[in-house]
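Read the structure below first, then the notes.
The values are calculated or read from the model by the stated rules, or taken from the named source; none is laboratory data. Source: prediction; values computed, not measured. Reconstructed Cβ throughout: ideal geometry from the backbone, glycine too, with neighbour counts over all protein chains shown. Accessible surface is based on the protein model in full, side chains and every heavy atom, while ligands, DNA and RNA are left aside. Shrake-Rupley method; radii C 1.70, N 1.55, O 1.52, S 1.80 Å.
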Amino acid sequence: MYIIIVGCGKIGSTILADLVKEGHNVIAIDNDPEVTQEITNIYDVMTVQGNGTDCNTLNEAEVHRAEMFIAATPSDELNMLSCFLAKKMGAQNTIARIRNPEYNLESLGFLKQHLDLSMAINPEMLAAKEMYNILKLPSAVKIETFSARTFEIIELILKEGSKLTGVKLMNLRNKYKAKFLICVVRRGDEVFIPDGNFVLQPGDKIGLTAEPSEIQKFMRAVGIDKKQAKNVMILGGGKIAYYLANMLTGTGYGVKIIEQEKPKCDALSASLPNAVVIHGDGAQQELLLEEGLNNVDAFVSLTGMDEENILISIFAASHNVPTVITKVNRNELGSMASRLGLDCVISPKEIMSDVLVQYARALENSRGSNVETLYNIMDGKAEVLEFNVKNDFKSTGIPLKNLKLRSGILIAGIIRDRKPIIPDGSDVILQKDKVIVLTKNEHLNDLSDIIK
């Protein structure tokens with residue numbers, strides 16, 4: 001697919017890397033010559049130095065050929081104008097990064113209609129939603145949903161003394177009555193698609209599939225459920241903090257935001273009347289303790305500095321805060337944070353990139369591929385895909401235990417008539433099913449690709 005990306009900062013370059021990895025023909029536009037040179041050195045892509053709102057620049061990038069046009073500069077207005085011009089010049093699908101809270105849902109709908117945008121993406125809003133979902137199910141470190149939330153995959157980290165450790169997976173279903181499947185395990189830097197003889201260990205990160213109603217039942221049974229957070233402390237008063245606090249206060253959570261800049265405090269106080277906003281330096285441990293760190297259910301670190309977020313999150317965890325969420329954008333620091341014991345690390349740029357990879361797959365789907373949804377899990381070391389079963393799939397009606405699957409692939413779920421099935425060897429795939437496939441080393445475009 002011919003894809004143009006305008007703006008190659010932290011988010012744009014992450015999107016570019018993931019789309020190149022998917023095999024797309026990507027063209028990068030940026031007005032900074034050092035950025036375009038660096039991209040040329042790292043990736044096998046064409047670059048154009050210039051402004052994404054300049055018609056000559058867009059012509060040089062052959063915008064009329066673009067099947068996807070993504071504007072991801074720091075300016076919402078430039079992104080919208082760039083997409084508007086690209087559409088007028090022949091681009092098929094235009095996507096703008098729009099972050100400002102002033103562009104509410106109503107005005108965004110108006111802008112999408114009149115600018116003919118295919119999609120408006122707000123990475124800060126997406127990150128806030130992911131954090132909100134985790135605060136609703138605080139035992140998880142990541143949650144992905146499929147088919148209108150009828151099926152979920154959650155990631156958990158097993159602590160020392162967990163009832164799940166030291167037991168063969170084949171024995172877990174007999175021991176606990178909940179209907180679930182442990183479909184992937186990350187141990188250190190290795191990822192396993194486990195069989196029934198696999199034995200879990202403390203420190204493992206597991207991917208668990210189940211119906212939403214079964215997940216809580218299972219967690220209670222194995223003693224890893226945490227009480228839902230009701231009092232949340234947020235460090236940093238940026239856009240993610242605003243979106244998250246707005247979601248939390250709207251559903252009855254108690255929220256306290258600590259922000260160092262007085263103008264931001266004033267703006268947050270005016271826009272979030274049900275939140276408590278504290279003007280102060282959250283890097284000062286005494287302030288966090290004075291404001292009740294020891295009594296909160298969750299701590300979310302959202303400053304603009306990854307290193308500060310990591311260090312203060314470690315401090316919060318050392319004071320036994322049940323749920324600690326850390327925003328980290330740099331990949332190498334995200335890995336470091338996990339090694340330092342921070343379970344829930346969230347990157348807005350990775351979330352936005354995942355959405356755009358899914359969108360690109362969906363466009364390919366309309367041209368023959370049958371991938372409906374795609375998620376990266378286990379810190380990008382595994383993929384989960386949702387396929388529609390079409391008439392040309394040759395392996396319908398065959399028990400799963402008799403299917404010869406490629407190495408590193410697992411059928412994690414089947415959705416039939418909107419009802420999820422956690423499969424065992426006797427289940428079969430039928431036409432019109434949706435099938436959830438997990439893979440750790442394959443690039444899959446069609447359900448038939450899972451068969452040897």
Check: Within the range 160-173, can one find any residue that is within 17 Å of the chain's Cα centre (by Cα), open to solvent by less than 10 Å² (accessible area, probe 1.4 Å) and not polar (S, T, N, Q)?
Finding: no
Counting only residues in the range 35-62 that are among the charged types (D, E, K, R) and modelled with pLDDT under 95, the one least open to solvent (accessible area, probe 1.4 Å) is identified as Glu38
If you go through the range 155-176 one residue at a time, do you hit one that is within 30 Å of Ile3 (Cβ to Cβ) and of a type in the set (Ser, Thr, Tyr)? no
Here the qualifying pairs (Cβ atoms under 7 Å; residues six or more apart or on different chains; first in the range 13-26 and charged (D, E, K, R); second open to solvent by less than 20 Å² (accessible area, probe 1.4 Å) and assigned to a helix (DSSP H, G or I)) come out as Asp18/Ser353; Asp18/Val357; Glu22/Val357; Glu22/Ala360
Out of (1) open to solvent by 10 Å² or more (accessible area, probe 1.4 Å); (2) under 30 Å from Ile314 (Cβ atoms); (3) touching a strand residue (DSSP E or B) at 6+ places or on another chain (Cβ under 6 Å); (4) without any contact (Cβ under 8 Å) to a residue 60 or more places away in the chain, the one Pro194 does not meet is (2)
Restricted to the range 63-100 and to residues being out of contact with any helix residue (DSSP H, G or I) (no Cβ under 6 Å at 6 or more places or on another chain), touching a residue at least 60 places away in the same chain (Cβ under 8 Å) and part of a loop (DSSP other than H, G, I, E, B), the residue surrounded by the most Cβ atoms within 10 Å (Cβ to Cβ) is Ala66
Considering residues that are in contact with a helix residue (DSSP H, G or I) (Cβ under 8 Å, 6 or more places away or on another chain) and surrounded by 14 or more Cβ atoms within 10 Å (Cβ to Cβ), the number found within the range 426-438 is 5
When every residue in the range 247-263 that is in a helix (DSSP H, G or I) and in contact with a strand residue (DSSP E or B) (Cβ under 9 Å, 6 or more places away or on another chain) is compared, the one most open to solvent (accessible area, probe 1.4 Å) is Lys262
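Each row is one residue, and each column tells you yes or no for (1) of a type in the set (D, E, K, R); (2) under 23 Å from the mean Cα position of the chain (by Cα).
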residue: Gln284; (1), (2): no, no
residue: Val300; (1), (2): no, yes
residue: Glu308; (1), (2): yes, yes
residue: Ile314; (1), (2): no, yes
residue: Val321; (1), (2): no, no
residue: Thr326; (1), (2): no, yes
residue: Ser335; (1), (2): no, yes
residue: Leu342; (1), (2): no, yes
Of (1) assigned to a loop (DSSP other than H, G, I, E, B); (2) in contact with a Ser or Thr (Cβ under 7 Å, 6 or more places away or on another chain), Asp195 fails just (2)
For the range 211-245 the number of residues that are part of a helix (DSSP H, G or I) and either touching a residue at least 40 places away in the same chain (Cβ under 8 Å) or surrounded by fewer than 23 Cβ atoms within 10 Å (Cβ to Cβ) (or both) is 17
Among helices (runs of 4 or more DSSP H) entirely within the range 277-381, at least 3 residues that are open to solvent by less than 10 Å² (accessible area, probe 1.4 Å) and over 29 Å from His443 (Cα atoms) occur in 306-318
Considering the range 406-425, residues that are assigned to a loop (DSSP other than H, G, I, E, B) and either surrounded by 14 or more Cβ atoms within 10 Å (Cβ to Cβ) or acidic (Asp, Glu) (or both), and then whichever is modelled with the lowest pLDDT, we arrive at Asp424
Note: among Lys129, Lys87, Lys159, just one is of a type in the set (Lys, Arg) and at pLDDT below 90, namely Lys159
Looking across the range 382-405 at residues that are under 26 Å from the mean Cα position of the chain (by Cα) and within 19 Å of Leu181 (Cα to Cα), the single one that is most open to solvent (accessible area, probe 1.4 Å) is Glu383
